[in-house]
1. Checking residue 337 against (1) free of Cβ contacts under 8 Å to residues at least 60 places away in the same chain; (2) closer than 22 Å to residue 403 by Cα; (3) not aromatic (Phe, Trp, Tyr), only one condition comes out false. Which one?
2. Check whether at least one residue in region 295-307 is within 30 Å of residue 192 (Cα to Cα), out of contact with any helix residue (DSSP H, G or I) (no Cβ under 7 Å at 6 or more places or on another chain), of a type outside the set (Asp, Glu) and open to solvent by 10 Å² or more (accessible area, probe 1.4 Å), and report yes or no.
3. Checking residue 252 against (1) over 21 Å from the mean Cα position of the chain (by Cα); (2) under 21 Å from residue 400 (Cβ atoms); (3) without any contact (Cβ under 8 Å) to a residue 60 or more places away in the chain; (4) open to solvent by less than 50 Å² (accessible area, probe 1.4 Å), which single condition isn't satisfied?
4. Residues of region 23-48 being within 21 Å of the chain's Cα centre (by Cα), closer than 17 Å to residue 134 by Cβ and open to solvent by 60 Å² or more (accessible area, probe 1.4 Å), which ones?
5. Please work out which one of (1) of a type outside the set (Lys, Arg); (2) in a loop (DSSP other than H, G, I, E, B); (3) open to solvent by 30 Å² or more (accessible area, probe 1.4 Å) is the condition residue 155 fails and give its number.
6. Between a residue in region 42-58 that is farther than 17 Å from residue 81 by Cβ and among the β-branched types (Val, Ile, Thr) and any residue that is open to solvent by less than 50 Å² (accessible area, probe 1.4 Å) and in a loop (DSSP other than H, G, I, E, B), which pairs come within a Cβ distance under 8 Å, given they are 6 or more apart or on different chains?
7. Would you please name the residue that is nearest to the chain's Cα centre (by Cα), looking only at residues in region 265-276 that are modelled with pLDDT of 80 or more and surrounded by 19 or more Cβ atoms within 10 Å (Cβ to Cβ)?
8. Can you pull out the residues in region 299-320 that are hydroxyl-bearing (Ser, Thr, Tyr) and touching a strand residue (DSSP E or B) at 6+ places or on another chain (Cβ under 6 Å)?
Amino acid sequence: IAKRLRELAFLNTGVNITLEDERVGKKQLFSSTGGIQEFVKFIDENKTPLHPDIIYFQKTKDKVILEVAMRYNTGYQSTFLAFVNNINTEEGGTHVLGFRTALTRVMNSYLKEGNGKGDKVSGDDVREGLTAIISIKMPDPLFEGQTKTKLGNSEIQSLVSSVVWEELNNYFNEHPQTARLLTQKCLEAFLAREAARKARDMTRRKSVLEGSNLPGKLADCSNTDPAATELFVVEGDSAGGSARQGRDRTFQAVLPLRGKILNVEKSRLHKVLQNKEIVNLITALGTGVSDEFDLKKLRYHKIIIMTDADVDGSHIMTLLLTFFYRYMPHLIEQRHMYVAQPPLYRLQKGKMVKYAYSDQEKEEISKGLDNLTLQRYKGLGEMNPPQLWETTMDPLNRVLKQITIEDAIEADRIFTFLMGDEVEPRRQFIEQFAKEVVNLDV
């Protein structure tokens, strides 16, 4: 609720929204004087901007109010949000197509004028390092898609495209130094994309030579209907072994990954494709990656990340979610991504066995019971196959967290804060919480 109210405050400048939890007496005020420009700053809080000012314009045309705020940073990833009458159009639509078309045309036009290399950069190239928000207020929007979050008004595409083309051209003419910086970044992204294409070709050729289209560690399921199957992405070979033995082989597949995957936040695609564990994951899913991604080829409609219930497990889960958010965002948008929650404790007294998923739950179960046998799971590998099935893999008993795009955006903001280029905020954060941990009476 807080995330949505914060979003609404950014989209409606000057509006004060109060969220109050009367159970604990907590109150939070959401308001914004800077609107979607402030929204961009909030998302990019711990990223290094490529240019100091935020590119912003607002224009009313044919009873449609269009607002755009955008800024590039030195990173390789993009964050793009689009709203229609305050509705987050996660599936895009005609307004998004109009914006992207105009942005690509402007960049290619300036590249052609500068060095004759226009018409080469793609939409992915011009969006590298971009944080952009567009907001439209319009009468009679037509929404498509199952979740009604895709704009279908055909006239909006040309309207947005013409306004963005005009306003960006004006901005670039008035800020030639920024224009050169941005077009140079786009050209570098193009060269990196070419390197990534060659890396993909090498990966394909290697798969053919090895005579297998699926990674050797993948324990596949017998059901071939993607809508009825699920893939567990598991941390480590030991946990992978327990999961393979404990699963239901008819509809559950298991892919163990070794160690921590590459931090894709600081790597371009051609570097990402050099990571064996990531390549195995892409191959198992079958969709391809980045601009070659095809959701129709997805082999499992439920992808479940299953890592240890400790700090290392959380780190691996975060790295995996960052990869999916950056290179396969449609899996999150279309509700295919989940995180499993394994138990932390096994409590037994006689024939009674219960599992606790938190310290608080353990304390509640333990009340009034003496001589309990308590087992603290340090990792999934410590659980035998029946225990893993009963607690974490059985659809009737397991606890799953579905990952939404809002979760991913918030995780990206936190991840950038902790792993980004700005050292001082991270140092202060670590010092603050390290002191709290040290002072705990353990």
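1. (1)
2. Within region 295-307 (the criterion being within 30 Å of residue 192 (Cα to Cα), out of contact with any helix residue (DSSP H, G or I) (no Cβ under 7 Å at 6 or more places or on another chain), of a type outside the set (Asp, Glu) and open to solvent by 10 Å² or more (accessible area, probe 1.4 Å)), the answer is yes, since at least one residue qualifies.
3. (3)
4. Taking region 23-48 and keeping what is within 21 Å of the chain's Cα centre (by Cα), we get 36, 39-48.
Filter once more, keeping what is closer than 17 Å to residue 134 by Cβ: 36, 39-44.
If the condition is that a residue be within 21 Å of the chain's Cα centre (by Cα), closer than 17 Å to residue 134 by Cβ and open to solvent by 60 Å² or more (accessible area, probe 1.4 Å), then 41 is the only one that fits.
5. The single condition residue 155 does not satisfy is (2).
6. 48/75; 48/420
7. Step one: of region 265-276, the residues modelled with pLDDT of 80 or more are 271-276.
Cutting the leftovers down to surrounded by 19 or more Cβ atoms within 10 Å (Cβ to Cβ) gives us 272-273.
Working: 272: 16, 273: 18 Å.
Across region 265-276, the extreme among qualifying residues is 272.
8. Going through region 299-320, the residues hydroxyl-bearing (Ser, Thr, Tyr) turn out to be 300, 307, 314, 318.
Matches in region 299-320: 300, 307.
The values are calculated or read from the model by the stated rules, or taken from the named source; none is laboratory data. Only a predicted model underlies this, so the values are computations on that prediction, with no experimental measurement involved. So basically every Cβ, Gly included, is an ideal-geometry build from the backbone, and we count neighbours across all protein chains shown. Note: accessible area is taken over every heavy atom of the protein model, side chains too, but ligands, DNA and RNA are not part of it. Shrake-Rupley method; radii C 1.70, N 1.55, O 1.52, S 1.80 Å.
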